[in-house]
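Novice: Can you read through this structure? Questions will come right after.
The values are calculated or read from the model by the stated rules, or taken from the named source; none is laboratory data. On a predicted model such as this, the values are computed, not experimentally measured, just so you know. Neighbour counts run over all protein chains shown; Cβ positions are idealised from the backbone, glycine included. The area values use the complete protein model at the heavy-atom level, side chains included, leaving out ligands, DNA and RNA. Shrake-Rupley method; radii C 1.70, N 1.55, O 1.52, S 1.80 Å.
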Amino acid sequence: GPKVLQIPSHQIIDMGQMVTLNCDPVSNHLYFYWYKQILGQQMEFLVNFYNGKVMEKSKLFKDQFSVERPDGSYFTLKIQPTALEDSAVYFCASSLGLGGNQDTQYFGPGTRLLVL
Amino acid sequence: GDSVTQTEGLVTLTKGLPVMLNCTYQTTYSPFLFWYVQHLNEAPKLLLKSSTDNKRTEHQGFYATLHKSSSSFHLQKSSVQLSDSALYFCALSDNSGTYQRFGTGTKLQVVP
């Protein structure tokens with residue numbers, strides 16, 4: 001089936017530094033998402049992105065977060081500066097459409113971020 | 001706004017028994033419901049989806065029926081296996097163009 005790739009799989013970083021999480025979405029998908037999951041808890045929506053723009057973002061999407069997909073390459077989540085509470089698994093997802101039956105999201109394997 | 005409720009945080013069952021994981025939702029739009037399964041240290045994967053009222057949807061032995069009258073989309077399986085141990089999320093989207101809302105998840109633990 002369709003696959004979403006995420007690089008790196010793990011990242012350890014010192015508090016205050018910048019980190020960029022990379023996502024390679026399904027090739028013909030148009031909508032991209034980031035979710036944050038603290039161990040054993042539900043996934044929480046951060047942001048979705050379409051046509052070069054953020055469409056919606058949640059309260060968890062702090063000012064230190066930014067997303068972009070330059071020239072159709074990786075869809076990235078940048079955190080600058082990082083904080084201890086940013087430690088979590090970050091899942092990227094993509095979908096063909098936003099509403100209705102096209103809304104099936106395909107998830108990547110996640111990036112485990114540890115902020116020290 | 002839209003919301004999804006999963007009442008059980010943890011369900012522990014003996015292998016071979018039937019299971020039902022509850023999911024109810026709230027939306028003012030036409031709903032699309034999804035069940036995702038997430039095994040330990042893996043990405044969530046779509047298990048089932050439906051937007052048709054009162055029609056049973058099945059996949060890999062799991063089934064669910066969307067009941068708009070009760071705003072429910074409970075996940076069932078007639079005989080659970082050890083490999084079914086995972087986290088199960090119910091999710092809702094609608095035709096208003098908003099993103100999917102996920103429930104808090106139910107951890108299913110199948111024991112021998």
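Novice: Based on this model, can you work out whether residue A:16 counts as within 14 Å of chain B (Cβ to nearest Cβ), out of contact with any Phe, Trp or Tyr (no Cβ under 9 Å at 6 or more places or on another chain) and assigned to a loop (DSSP other than H, G, I, E, B)?
Specialist: Numbers: within 14 Å of chain B (Cβ to nearest Cβ): no; out of contact with any Phe, Trp or Tyr (no Cβ under 9 Å at 6 or more places or on another chain): yes; assigned to a loop (DSSP other than H, G, I, E, B): yes.
No: the conditions fail for residue A:16.
Novice: Let me ask something else about it. Looking at B:49, B:15, which is the one that is under 11 Å from the mean Cα position of the chain (by Cα) and at negative phi? Outline the logic, then answer.
Specialist: Numbers: B:15 fails: under 11 Å from the mean Cα position of the chain (by Cα).
Within the list B:49, B:15, the selection yields B:49.
Novice: Please go through (1) under 28 Å from residue A:32 (Cα atoms); (2) open to solvent by less than 10 Å² (accessible area, probe 1.4 Å); (3) over 10 Å from the mean Cα position of the chain (by Cα) for residue B:73 and return the number of the only condition it doesn't satisfy.
Specialist: Against the list (1) under 28 Å from residue A:32 (Cα atoms); (2) open to solvent by less than 10 Å² (accessible area, probe 1.4 Å); (3) over 10 Å from the mean Cα position of the chain (by Cα), residue B:73 comes up short only on (3).
Novice: Further question: Name the single residue, out of those in the stretch B:16-48 being open to solvent by 70 Å² or more (accessible area, probe 1.4 Å) and either part of a strand (DSSP E or B) or in contact with an Asp or Glu (Cβ under 9 Å, 6 or more places away or on another chain) (or both), that is nearest to the other protein chains (Cβ to nearest Cβ).
Specialist: B:45
Novice: Consider residue A:9 carefully, then state whether it is on the phi < 0 side of the Ramachandran plot, open to solvent by 50 Å² or more (accessible area, probe 1.4 Å) and of a type in the set (Gly, Ala, Ser).
Specialist: Numbers: on the phi < 0 side of the Ramachandran plot: yes; open to solvent by 50 Å² or more (accessible area, probe 1.4 Å): yes; of a type in the set (Gly, Ala, Ser): yes.
In short, yes.
Novice: How many residues does the stretch B:49-68 hold that are without any contact (Cβ under 8 Å) to a residue 12 or more places away in the chain and open to solvent by 80 Å² or more (accessible area, probe 1.4 Å)? Walk me through how you get there before you give the answer.
Specialist: Here is the first cut: in the stretch B:49-68, the ones without any contact (Cβ under 8 Å) to a residue 12 or more places away in the chain are B:55-58.
In the following step, the residues that additionally are open to solvent by 80 Å² or more (accessible area, probe 1.4 Å) were identified as B:55-56, B:58.
Result for the stretch B:49-68: 3.
Novice: Out of B:82, B:66, report the one residue that is at pLDDT 95 or above, under 27 Å from residue A:33 (Cα atoms) and in contact with a Lys or Arg (Cβ under 9 Å, 6 or more places away or on another chain). Can you show your working first?
Specialist: Details: B:82 fails: under 27 Å from residue A:33 (Cα atoms).
Unique residue meeting the criteria: B:66.
Novice: Next up: Considering only residues of the stretch A:22-32 that are assigned to a strand (DSSP E or B) and either open to solvent by 20 Å² or more (accessible area, probe 1.4 Å) or away from every other protein chain (no Cβ under 12 Å) (or both), which is farthest from residue A:62 (Cα to Cα)?
Specialist: First, pick out the residues of the stretch A:22-32 that are assigned to a strand (DSSP E or B): A:22-24, A:31-32.
When the remaining residues are screened for being either open to solvent by 20 Å² or more (accessible area, probe 1.4 Å) or away from every other protein chain (no Cβ under 12 Å) (or both), the result is A:22, A:24, A:31.
On the way: A:22: 18, A:24: 23, A:31: 21 Å.
Applying the filter and picking the extreme gives A:24.
Novice: Just one of the numbered conditions (1) part of a strand (DSSP E or B); (2) away from every other protein chain (no Cβ under 11 Å); (3) open to solvent by less than 10 Å² (accessible area, probe 1.4 Å) is not true of residue B:80; which one?
Specialist: So the condition that residue B:80 fails would be (1).
Novice: In addition: For the stretch A:84-99, which residues satisfy the criterion of being open to solvent by less than 20 Å² (accessible area, probe 1.4 Å), modelled with pLDDT of 95 or more and among the aliphatic types (A, V, I, L, M)?
Specialist: A:88
Novice: In the stretch B:6-15, which residues are of a type in the set (S, T, N, Q) and surrounded by 15 or more Cβ atoms within 10 Å (Cβ to Cβ)?
Specialist: Applying the first criterion (of a type in the set (S, T, N, Q)) to the stretch B:6-15 yields B:6-7, B:12, B:14.
Of everything in the stretch B:6-15, just one residue is of a type in the set (S, T, N, Q) and surrounded by 15 or more Cβ atoms within 10 Å (Cβ to Cβ), namely B:6.
Novice: With the checklist (1) within 14 Å of chain B (Cβ to nearest Cβ); (2) modelled with pLDDT under 95 in hand, flag the one item residue A:6 doesn't pass.
Specialist: Only one criterion in (1) within 14 Å of chain B (Cβ to nearest Cβ); (2) modelled with pLDDT under 95 is unmet by residue A:6, namely (2).
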